[in-house]
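Accompanying notes for the structure given below.
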Amino acid sequence: MRTLGKHLYTYIDPPNERHLEQICEVLGKGGVVALPAGTTWMFCCDAASKKGVSRIQLLKPMHPKEKPFSLICSSISMAAKMARINDHAYRSLARICPGHFTVLLKSSKMAPKILDTKRATVGIRIPDEPLTLAIVDYYGKPLIATSVPEDADGRLLRMGYTIQEHYGHGLDLVVDLGEELIGQETTILDFTSGEAEVIREGAGDLSAL
C-alpha cells in the first residue's frame, strides 16, 4: 500500500529556498506534486518524465487520452521554447500573463524532443500564482500539468488538505500556502490560426485582450 505523499506548508514573498530545493529535487526524480495555480490545484511533473506523466494519468483516468496536458511556464520566454509565438500572440500574452488563461499555440521544434510527442499544438499556462512561478523558475524548465478533478459532487477542491485527503496516495508532495483557491477553470484561448479564438470562458478576464 502506497503511503501518503508529504504535505508541505510553505510561504511566498520571498519563497523559502530550502523548500524550492526540496520541491525541485522531487520533480527531478520524476515525482508528482500538487501545486496551486491561482484558480485551481494542479497535478504536475517534469515535462520529460514518462513515469510522472503515467502517474498523473492514473490520478485523472477520465482525462481524454487525445487531449494533451498543459505546460506550466514561468515566463513568455520559457513558453517560446515550447511554442511558436507570433507577434500578435506575443502582444496578447504580454497583456494576460501571468493570468488565469490556458493558451493553445503551435508546437516549436523543441517541444517534441522534450515532450516525446508529435502533437502540432501545445497548451501553455503562465499562472497568476507567485509560488508556482517561483518553483518553475527555480526548476528552470516547464512542468506538465493538469487541473485536479472535481469531487463526487462536481466541485473543484479548493484547499491543500483536501487534495492530500483525496489524492495523497498518488502524490509525492502537496505544496500548500494554506489558502483557499477560487475553484474556477481557466479561460482557454486558441492562437493556432493567428487570431485569438475563445474555446472556453473561465476565470481569465477577456477584457484584458
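Just so it is clear, none of the values below were taken in a lab; they were calculated from the coordinates. As the structure is a computational prediction, the values presented were derived from the model and not from experiment. Here the Cβ is made from the backbone with ideal geometry for all residues, glycine too, and neighbour counts use every protein chain on show.
Just a few scattered comments:
- Pair list, Cβ under 7 Å, 6 or more apart: segment 177-188 residue in contact (Cβ under 8 Å) with a residue 40 or more places away in the chain and on the phi > 0 side of the Ramachandran plot, other residue in a loop (DSSP other than H, G, I, E, B) and surrounded by fewer than 16 Cβ atoms within 10 Å (Cβ to Cβ): 183/155
- Listed by first and then second residue, the pairs linking a residue in segment 44-63 that is over 17 Å from residue 167 (Cβ atoms) to a residue that is of a type in the set (D, E, K, R) and not in a loop (DSSP other than H, G, I, E, B), with Cβ atoms under 6 Å apart and 6 or more places separating them unless they lie on different chains, form an empty list.
Quick grid of which residues meet (1) over 25 Å from residue 15 (Cα atoms); (2) under 16 Å from the mean Cα position of the chain (by Cα):
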position	(1), (2)
75	no, yes
92	yes, no
115	yes, yes
122	yes, yes
125	no, yes
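- Restricting segment 24-36 to residues that are small (Gly, Ala, Ser) and in contact with a helix residue (DSSP H, G or I) (Cβ under 6 Å, 6 or more places away or on another chain), the residue that is surrounded by the fewest Cβ atoms within 10 Å (Cβ to Cβ): 30
- Of all residues in segment 64-80, those that are under 11 Å from residue 136 (Cβ atoms) have Cβ atoms under 6 Å from Cβ atoms of residues that are among the acidic types (Asp, Glu), 6 or more apart or on another chain, in 74/137.
- Only one entry in 174, 198 is part of a strand (DSSP E or B) and exposed (fewer than 14 other Cβ atoms within 10 Å of the Cβ), namely 198.
- Checking each residue in segment 1-28 for being assigned to a strand (DSSP E or B) and closer than 20 Å to residue 46 by Cα picks out 6, 7, 8.
- Number of the condition not met by residue 155 [criteria: (1) free of Cβ contacts under 8 Å to residues at least 24 places away in the same chain; (2) over 16 Å from the mean Cα position of the chain (by Cα)]: (1)
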